[in-house]
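Everything on this sheet refers to the single structure shown next.
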Amino acid sequence: MRGSALRVLVVGAGIAGLAVARALRMAGLRPDVTEKLPPAERGDTGLYLPGNAERALRRLDLDGPVGRLGQVIHRQRFLDAAGAPLCEVDLDALWAGVGSCRALPRRELHRVLLTGAGGAVRHGAEVSSVEPLPAGVGVTFTDGTTGEYDLVVGADGPRSSVRALAALGGPPRPAGQVVYRGVLRDGPPVRDWTALLGQRSGFLVVPIGAGRLYCYADEAGDILPADPLRRLREIFGGYGGPVPEVLAALDHVDVGLTDEVELGRWFHGRVLLVGDAAHATAPSLSQGAAMALEDAVVLAESLAAAGDVDSALLAYESRRRPRTRWVRDRTRDRNRTRDVPPALRDPLLRGRGGRIFREHYRLLVGPL
C-alpha cells in the first residue's frame, strides 16, 4: 500500500505517536495527529535509550539529530546500597552492531520527533467515540467534530482512552512501584549509568549531557507520598555512592505510579494500539521508548508490504508480540530481584550479575 491515499489518524503526540507519524510519512502517507492536551513545554526529565532504540531511530532517519543530543553511555554499573560494586555491563559490547546507548532530556527527543512527524499536531482534540464502518472507522471528538479513517492508531499511553473506546481492554494494572524522577545540574561527577540496589527499592543516576544528571528512584508501593522529595530522602538517606550529594542538591522530583498493560489483542477492526497503550511495563529495562520506536518502524513496514490494512495489522502484531512479551517477562524477572534480601542477592550479582543482566537483552539485540 506504499504511496496510497490511506487515511490514518494517530491519537497521542508522545514518543509513540510522533514516531508512528514519522514512519508513515516516510512511507508516503500523511496521517492526522491529535493530542488531547494543549501544547506545552515537556517536563524536565531524562531518558535512557538502549542500542535498539538508536537502531529504530536510524530506520526513521532521525539518528543524526538525536546523535547531537545528550551523552553516549558506555557502561552500566550496579552497586549495593552502600555504594560497593556488584557488577558491570559493557554496553558497547552488548549492543555491538546494533547501536550506541544514549541518555538525554526527554523533551529534546520529543522535539526531534515532532519535527520529523511534520510538526502538525491538533491539540485539544480528545476522541469521544470510535465506530466501525464497512471499510474504516468513524471518529467523533469531544468538540463535536467527526472524521472517517481507514486506520486509527491509539498511541495515547498506558491509560489509553482509545483502548477503552475500541473495547480492547480496560484500565492498566498497577505494577506496584512508586517512581521518582528529577534532573540535577552541577551534581557529583558521574560518567556511567549507575544504579544502587537496596531491598525493594533502587536509585539510578545517569548523565544526560551538559553537566546534567537524570535521577530515577523507585520503591515498592501503590500510594503517592504527599511530599515526594521528603519521602525520597527518607528512603535513600542511608545510601552511599553519589546518592548523598544528589539528594542534597535536588530541589524537585516528579512522582508517579507504574502501570502494566497486557492485552489479548492489539487491534479491533481498523483500530490499533501501539506503545504503552498496548504493552506498557515498569521501566526497569528502560525499553518503553525503544519499544515505541520499534512499533513505528514495524507498523510502517507492515502497511507497505501488505495488500490491505487488515493483513497489515495481523502481520504487525505477529512481529511485535514476541519482543514486547520478552520485555514484559524480563522486566518482571528484574523486578523480582528487588524482593530478594540483599544478603542473598548481592553475592549472586557479584558472581554472575553481568551475565544475568546482559541476558535480559538477548532477544532485543536481534533483528526487529
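Readers should treat all values here as calculations from the given coordinates under stated rules, not as data from a laboratory. Computed from a predicted model, the values in this text were never measured in an experiment. Glycine also receives a Cβ, built like all others from the backbone with ideal geometry; neighbour counts cover every protein chain displayed.
Structure summary
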| read-out | value |
| --- | --- |
| Nearest-0.05 FRET efficiency for A248 and A343, computed from C-beta distance (R0 30 Å) | 0.55 |
| Phi-based couplings in Hz for segment 323-330 (Karplus 6.51, -1.76, 1.60; Gly and Pro marked x) | 6, 5, 5, 4, 4, 4, 5, 5 |
| Helical contribution to [θ] at 222 nm, DSSP H n ≥ 4, -39,500 (n - 2.57), averaged over the chain, rounded to 500 | -11000 deg cm²/dmol |
| Relative exposure of L213, L165, L60, L293, judged by other C-beta atoms within 10 Å (fewest first) | L165, L60, L213, L293 |
| Helix 15-26 vs. the chain, principal-axis angle (Cα, 0 to 90°, nearest 10) | 50 |
| Crossing angle, helix 106-116 versus the chain [Cα axis fit, 0-90 degrees, rounded to tens] | 30 |
| Amide H contacts of G202 (H built 1.01 Å from N, under 5 Å, at least 5 apart or other chain) | D218 |
| Packing rank of 268-281, 171-184, 237-250, where each peptide gets the mean count of other beta carbons within 10 Å, highest leading | 268-281, 171-184, 237-250 |
| Point-to-point label distance, E126-R191, nm (Cα→Cβ direction, 7 Å offset) | 4.9 |
| Extension reserve of the L133-A226 stretch, reckoned as 0.36 nm per residue once the Cα distance is removed | 28.8 nm |
| Stretch gain in nm, segment R30-E359, where the contour uses 0.36 nm per residue and the Cα spacing is subtracted | 114.5 nm |
| Extended-chain gain in nm, criterion 0.36 nm per residue less alpha-carbon gap, D329 and T142 | 63.6 nm |
| Net charge contributed by nearby residues that have their C-beta within less than 14 Å of Q199 (K/R +1, D/E -1) | -1 |
| Listed peptides 96-108, 326-338 by packing density, highest first (mean Cβ within 10 Å) | 96-108, 326-338 |
